[in-house]
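Before any comments, here is the structure.
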Amino acid sequence: MQGGGTGQFAAIPLNLKGSHDHADYIVTGAWSSKAAEEAEKYIKVKKVFQPSKPYVTVPDQDKWVHDEKAAYLYYCANETVQGIEFTPTAPESHNVPLVADVSSNFMARPFDFKDHGVVFGGAQKNLGAAGLTIVIVRKDLIGKQQAITPAVFSYKEMIANNSLYNTPPTGGIYTTNLVLKWIKSKGGLQAIYELNLQKSGLIYGIIDNSNGFYHCAVDKSYRSIMNVCFRIGGAAGNEDLEAEFLKGAAERNMISLKGHRSVGGIRASLYNAITLEETQVLATWMNEFQKAHSA
Ligand code: PMP
């Protein structure tokens, strides 16, 4: 489909509401928060726990307030801004279809999509170029769309027309074909996953062994293997040090390491296209930088 991850934030409640009154949302960061906000236009949204900022973890599942009457239970598999990933498994479904936003970790790791009703993501992180949106829908959920659902967002229209209801993003599809072949050539998804574990493990290792010079606020059980977010100079971060770190990184040809403005600090996005060797360049710079700033 087209419309990106953001398009699906609307398409999901439009397509899945059926005769349900509400949907349940797991809000663990910026993207699930945006998804819930958009969904409110089309369905009653209930959050399974009250989200609290800063987002650093996934609250204990035993304490979630959920409902088997919900149309679906929504979660974001990897919160790109905060670096929080559901690992290694999806949340409990509580007997309703799970809906997963895999925009930033699809094809970065194997998934078990048991109990899932919809899995979606923009292709631009690990699967190609912006403009193509991957949407996998369980067949029994097709045909429950609201009357106002735009045809381009209708799963029923899309499946009836073999994903060709309107002109598809052909350039993006072509690129994705190349990326899939590239993944195969690298040994497939398991090999990519192992590499991603190695890459993120290298950076988290430096953070954990830095005596607090580098600080990752995310609960260790939910640390993302794609987006490693950290502060420099202690938990609160020292913005001068961070600016100096980014400047030195740029001099070493590493750009876009600045954290999202809502969280600050540094974010190393280790998508599939980033090699282990490139990650090692970052690791070397982190070690050098710490050394230069240690008394
Ligand atoms: N969900 C997640 C997890 C994302 O990372 C993003 C984009 N960074 C989106 C949704 C929004 O996707 P798009 O920009 O394709 O609308």
Here is a check on your reading of the model: is TYR72 touching a helix residue (DSSP H, G or I) at 6+ places or on another chain (Cβ under 6 Å), modelled with pLDDT of 95 or more, more than 30 Å from GLY171 (Cβ to Cβ) and of a type outside the set (D, E, K, R)?
yes
Being open to solvent by less than 50 Å² (accessible area, probe 1.4 Å), away from the ligand (no atom under 15 Å from the Cβ) and either outside any loop (DSSP other than H, G, I, E, B) or not assigned by TED's automatic domain parsing to the domain that holds HIS20 (or both) is the filter here, so list the residues in region 62-89 that pass it.
LEU73
Scanning region 123-161 for residues that are part of a loop (DSSP other than H, G, I, E, B), on the phi < 0 side of the Ramachandran plot and over 17 Å from the mean Cα position of the chain (by Cα) gives ARG138, ILE142, LYS144, GLN145, GLN146, ALA147, ILE148, THR149, PRO150, SER154, ASN161
Among the candidates PHE120, PHE111, single out the residue that is open to solvent by 10 Å² or more (accessible area, probe 1.4 Å) and outside any helix (DSSP H, G or I).
PHE111
Please enumerate the residues belonging to region 240-282 that are among the β-branched types (Val, Ile, Thr) and touching a Phe, Trp or Tyr at 6+ places or on another chain (Cβ under 7 Å).
ILE266
Conditions (1) within 11 Å of the ligand (Cβ to nearest atom); (2) in contact with a strand residue (DSSP E or B) (Cβ under 7 Å, 6 or more places away or on another chain); (3) closer than 25 Å to THR176 by Cα -> THR6 fails only (2)
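The values are calculated or read from the model by the stated rules, or taken from the named source; none is laboratory data. Bear in mind the structure is a predicted one, so any value in this text is a computation, not a measurement. As a convention, Cβ positions derive from the backbone with ideal geometry for all residues, glycine included, and neighbour counts pool all protein chains shown. Areas reflect the complete protein model, heavy atoms only, side chains present, ligands, DNA and RNA absent. Shrake-Rupley method; radii C 1.70, N 1.55, O 1.52, S 1.80 Å.
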